[in-house]
Structures are given as C-alpha cells and as structure tokens.
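Beneath this line is the structure, given in structure tokens, with notes to follow.
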Amino acid sequence: MKAAFYERVGPAREVLQVADLPQPQPGPGEVRVRVQWSGVNPSDVKSRMGLRSKEMPFPRVIPHSDGSGVIDAVGPGVPSTRMGERVWIWNAAWGRAHGTACQWVCLPQAQAVVLPEGVSGEAGACLGIPALTAPHAVLMDGGVAGKTVFVAGGAGAVGHYAVQFASLLGAARVLTSASTPAKAALAREAGADAVVSYKSEPLAARVAELTGGRGVDRIIELDMAANAGADLEMLRTGGECVVYGSSGQLQLPFYPLIAKNLQLKFFIVYNLAAADRERAIATLTRMLARGALQHNIAARLTLDQIAQAHEMVESGQAAGNVVLAVD
C-alpha cells in the first residue's frame, strides 16, 4: 500500500517519506479501513517535529489520528455487517505506529464510527480531534445552556466547531476572537453573536464592553500560555476556563484566581473518559445527521503533498482544517 511515514523526527521535508508498505490485516476486534481522506492536526505536526519527545516512539511512524474511508475487512469478533460502512476515525495514531496517512489502516472497531449520509469524506477527516474537542469543551460540567461563552479563535479548526456547538446547545451568547475580517465573517456564519478583532482591538476591554462589565461564564481556550492574562480579566466571578491547548508553560497569578473564585479545567481529547467520548460522539452524530454543522476545510492536498500540508499547519497559515486525499 502507499503510505507516508517518518523514521526520525525533524522538519517535514527532511523526514517525511512516501513509499509502498505491506497492507495490514485486521486482528481480533479490529476493522480495516480503506482510507480516502486523512486529516492533519497540530498534534501530528508536533509529534513529527519532536516537540513532545526527541525519541521516536516506534521505529517507523505513519502519522495522523484523523481520517475517513470505507471498512473493507473485519477481524474475528467483528460483525460482517460492518463491511462497506463509510466511517470516520479517531485516535488512529495515538500510542500507535500506524495512523491514517496511508491507503489502509487497521484499528479497534470502536474507533471507526459510522459517517452519516450526506457528510463528505473530507468533513469526516476533520471529526476525530477538532469536532470531538469542541462538543466536550461545550458539554462538560453541566454545559453552557443560558451562559455567555467566549471561544478563542472562532475560525480555527476547533474554535469553528466550538462556536457552532455552543450556539446549538443553548448558550445565551457566543463571543469569539479572530485575526482578520475574513475569519471574523466565518465565525459569525458559524453562530457567533460578536467577534473581537484581537489584533486591532483590546480583547479584554472589548469583551467587558460586550458583557456590560460582567464578564463571560465560560472561556474555551486554545492557547492558555498566550491568553491567560486576558482570560483572567474576561471571566466573571465564579467563571470557568476550559483549556485544550497551550503554546508553552503556564505562569498564573494566584490572587486573581482565588479572589474571583475562578475554575481552570484542562483536557486532551485523546484521553477522554469512555462516557465523555460516547456523549461527544453521540452529540456530534446527531448534529451531522441533521446537517446542522459547517465544516471549514482550508486546504485539500494529496498524500504526496504531506510535507506541504504539515508546513501549512505548522506555520498557522491554514484558517481551518487541512486534509489529504489518499485514495
């Protein structure tokens, strides 16, 4: 099969290769998916760059946790009725050497979720990380019904979905930030009630103005290291900041946190508890089946262009998801 892989960490064009590798066969409890689209996420890029560890977790890594395709073989213990299902994939490369940047991937059958009719394969390749991170950030700890929510980066891969889920799941108001007029328009189309242009407006002051000085109930944060100061200002007393990412280490002032009774909550989508993942998948599936979600795909490239795709994600130039056509 055709596959992209790396055998050492480093710059995309130096370490990523595309070649033929043996076709995998499903083991007990597994399905084999003929991959049609592979999603590229920041975590895939960071792993390939060696930012998490300079040591290779396996001698060879086929990257990417997200993807979509069709089940074409099943292992012992898996119903034959799953053959031919259109599916989307989660956690393919988490703790594994074999992700979705290839023509076939075998994985536990629970990690291949039926893709509702009418949802494109390209969109399916965006669901595992961005579109599961978003509903969990919205639903956790009682959800956002009746609350004012601020989503950092409302045109980004996760933020665009988070704006939609917050709006669809009962938030009283959804505020967000964007760096350009085009991104602001994208966030508004997704359901944001107001967008702060953080490069030209003082973020915390503008949010205070939008909330009549009260602050927001929940922040959904993509970069705590960069935005912690503004977050502490924007939250109302007793508010909560749900964090799913950070560009670096955190240094937080103790007094403002305790004086405002603020709550900081952290999670990584790879390690969701089973019940939380089931809830997020069920919510996502309902929204997909209703055609209620917009999918922001910034670039569609081919598997041979994987180095270019990684560079787009690494540089932050992609306003949305980057996907690769595999088959």
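Restricting to strands (runs of 3 or more DSSP E) lying wholly in region 225-321: which have 3 or more residues that are open to solvent by less than 50 Å² (accessible area, probe 1.4 Å) and more than 27 Å from residue 64 (Cβ to Cβ)?
The strands (runs of 3 or more DSSP E) meeting that bar are 235-243.
Return yes or no: is residue 31 open to solvent by less than 70 Å² (accessible area, probe 1.4 Å), farther than 15 Å from residue 326 by Cα, part of a strand (DSSP E or B) and in contact with a helix residue (DSSP H, G or I) (Cβ under 7 Å, 6 or more places away or on another chain)?
For residue 31, the condition - open to solvent by less than 70 Å² (accessible area, probe 1.4 Å), farther than 15 Å from residue 326 by Cα, part of a strand (DSSP E or B) and in contact with a helix residue (DSSP H, G or I) (Cβ under 7 Å, 6 or more places away or on another chain) - is met.
Tell me, please, whether a residue that is of a type in the set (D, E, K, R), more than 21 Å from residue 158 (Cβ to Cβ) and either outside the structural domain of residue 95 (by the TED database) or within 21 Å of the chain's Cα centre (by Cα) (or both) can be found in region 263-271. Before the answer, list the steps.
At the first step, the residues of region 263-271 found to be of a type in the set (D, E, K, R) are 265.
Going one step further and asking which of them are more than 21 Å from residue 158 (Cβ to Cβ), we end up with none.
Among the residues of region 263-271, not one is of a type in the set (D, E, K, R), more than 21 Å from residue 158 (Cβ to Cβ) and either outside the structural domain of residue 95 (by the TED database) or within 21 Å of the chain's Cα centre (by Cα) (or both), which makes the answer no.
Got at least one residue in region 72-81 being in contact (Cβ under 8 Å) with a residue 60 or more places away in the chain and either open to solvent by less than 70 Å² (accessible area, probe 1.4 Å) or hydroxyl-bearing (Ser, Thr, Tyr) (or both)? Steps first, please.
Keep residues of region 72-81 that are in contact (Cβ under 8 Å) with a residue 60 or more places away in the chain, which gives none.
No; the residues of region 72-81 include none that is in contact (Cβ under 8 Å) with a residue 60 or more places away in the chain and either open to solvent by less than 70 Å² (accessible area, probe 1.4 Å) or hydroxyl-bearing (Ser, Thr, Tyr) (or both).
Would you confirm whether or not region 44-51 contains a residue that is among the β-branched types (Val, Ile, Thr), in the same structural domain as residue 22 (by the TED database) and under 22 Å from residue 280 (Cα atoms)?
no
Which residues, counting only those in region 43-62, are in contact (Cβ under 8 Å) with a residue 60 or more places away in the chain and surrounded by 18 or more Cβ atoms within 10 Å (Cβ to Cβ)?
Hits for region 43-62 are 43, 44, 45, 48.
Just checking, which of 145, 162, 97 is surrounded by fewer than 20 Cβ atoms within 10 Å (Cβ to Cβ), outside the structural domain of residue 33 (by the TED database) and within 24 Å of residue 274 (Cα to Cα)?
Step by step, each of 145, 162, 97 is checked, and only 145 is surrounded by fewer than 20 Cβ atoms within 10 Å (Cβ to Cβ), outside the structural domain of residue 33 (by the TED database) and within 24 Å of residue 274 (Cα to Cα).
The values are calculated or read from the model by the stated rules, or taken from the named source; none is laboratory data. Everything numeric here is computed off the predicted structure, so don't read it as measured data. Here the Cβ is made from the backbone with ideal geometry for all residues, glycine too, and neighbour counts use every protein chain on show. Protein only, heavy atoms only, side chains kept; ligands, DNA and RNA dropped before computing areas. Shrake-Rupley method; radii C 1.70, N 1.55, O 1.52, S 1.80 Å.
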